[in-house]
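Data block below; observations after.
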C-alpha cells in the first residue's frame, strides 16, 4: 500500500470553501470601525464606548442602525452589539421600541 503525502501548498480556489462541493464562501467585508486589539477590554466595552461617542457626536439623528448593521460595522457578533445597546438603554441613552427599533432617548 502506497501512501501519498499531501502537498504543503494546497491550492484552493478562493471562491470555493475547499470541501469540493463547489459552495461559494461568503466574503466578509472589513469592519468600518475595527476594534483595537491592543485594548484589554471586552469587545462589547469597545463597541459601547464607540457607540456612545457616535451618539454624542450626532451621527445618529433619531434611530440607531439595526444590530445586524452595527455588528458588520464593528466586525463582531450581534450578541456583542446587543450587550452594548442594552447597557446604553440602562443608562437612559437609548430607548427600545418594539418592533420598530432602537431610538435615541
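The table that follows gives values for the structure above.
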| quantity | calculated |
| --- | --- |
| Matching residues, the range 27-62, being outside any loop (DSSP other than H, G, I, E, B) and within 11 Å of the chain's Cα centre (by Cα) | 43, 44, 47 |
| Subset of the range 63-105 (residues that are over 27 Å from residue 37 (Cα atoms), in a loop (DSSP other than H, G, I, E, B) and modelled with pLDDT of 95 or more) | 92 |
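The values are calculated or read from the model by the stated rules, or taken from the named source; none is laboratory data. Keep in mind that this is a model prediction, so the values were computed, not measured.
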